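Worksheet: one structure, shown below.
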Amino acid sequence: MLVDKKKYEEIIQELKPQNILLVAVSKTKSIDAIKELFALGQRDFGENYVQELVDKVAGLPTDIRWHYIGHLQTNKVKQVAPVVQLIHGVDSLKLLKEIHKQGGKSGRVIDCLVQVHISGEETKFGVDKEELSLILNEFNSGNLLHVRILGLMGMASFTTDMDQVRKEFRYLKELFDKTAAEILQPTTFTILSMGMSGDYKVALEEGSNMVRIGSLIFGERDG
Ligand SMILES: *Cc1c(COP(=O)(O)O)cnc(C)c1O
């Protein structure tokens, strides 16, 4: 068995009544593992390596909604844009402009979340409050018509200190509410993507409506 079906059903039962979307994080996992989860009804999958995403898209059903959750280099946007449902990791204005440009080339509007740096860890990506304002101003000026900003995404510190994690999620929720009040497309700014295997319960308590869960469902990753 490539998927922990019991755990998966348990998570779905938990999320469904609250209308929370589960993105099953399938990075490093096999096509067969994804098929197994697909057979249980899962349609949203998350990947964070461009080549792996492209290879998997080619080998799997077309009704899968692919989420790009990793750090995206501007020179790779071209490969991701045609296949992706939602880009979670927009962490600079430069990247958002490139996504807009690629969207324009294919006559599409590409849905994005801005990733905010909420943990104290230097290794994690994401914008700070000031850069978020900058992105919002540019977006509100109407120059980026081939992207939509649907919400925010964040990763909390990798720690067992759940008070710390809660504080970080709470900060992101505050920024989310503030942005929702300022953005010129408030009706489509609705997604708060926060929470992973180790901290999704705390994230839900702090207002998340999209969780990205990998190892709880697929087992630990090798690499
Ligand atoms: C890997 C990853 C996840 C899932 O992590 P798990 O701990 O396996 O649930 C979620 N979000 C991002 C951005 C990731 O890179």
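Worth pointing out:
- Matching residues, segment 92-138, being in contact (Cβ under 8 Å) with a residue 24 or more places away in the chain, of a type in the set (A, V, I, L, M, F, W, C) and open to solvent by less than 20 Å² (accessible area, probe 1.4 Å): LEU96, ILE99, ILE110, CYS112, LEU113, VAL114, VAL116, ILE118, VAL127, LEU132, ILE135, LEU136
- Tally of residues being within 14 Å of the chain's Cα centre (by Cα) and open to solvent by 30 Å² or more (accessible area, probe 1.4 Å) across segment 169-196: 2
- Single condition THR123 does not satisfy, out of (1) at pLDDT below 95; (2) of a type in the set (Val, Ile, Thr); (3) not in a loop (DSSP other than H, G, I, E, B): (3)
- Selected residue (only one of ILE118, ILE149 is in a loop (DSSP other than H, G, I, E, B) and touching a strand residue (DSSP E or B) at 6+ places or on another chain (Cβ under 6 Å)): ILE118
- Test: residue in segment 50-72 that is surrounded by fewer than 18 Cβ atoms within 10 Å (Cβ to Cβ) and within 20 Å of VAL127 (Cβ to Cβ): yes
Yes/no matrix, rows are residues, columns are (1) within 23 Å of HIS71 (Cα to Cα); (2) without any contact (Cβ under 8 Å) to a residue 12 or more places away in the chain:
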site	(1), (2)
ILE149	yes, no
LEU152	yes, no
MET155	yes, no
MET162	no, no
ARG166	no, no
LYS178	no, yes
SER197	yes, no
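- Qualifying residues in segment 172-223 (those that are hydroxyl-bearing (Ser, Thr, Tyr) and assigned to a helix (DSSP H, G or I)) - the one farthest from the ligand (Cβ to nearest atom): THR179
The values are calculated or read from the model by the stated rules, or taken from the named source; none is laboratory data. Predicted model, so just to flag it, every value in this text is computed and none were measured. Heads up, the Cβs are rebuilt from the backbone with ideal geometry, glycines too, and the neighbour counts pull from every protein chain shown. Protein only, heavy atoms only, side chains kept; ligands, DNA and RNA dropped before computing areas. Shrake-Rupley method; radii C 1.70, N 1.55, O 1.52, S 1.80 Å.
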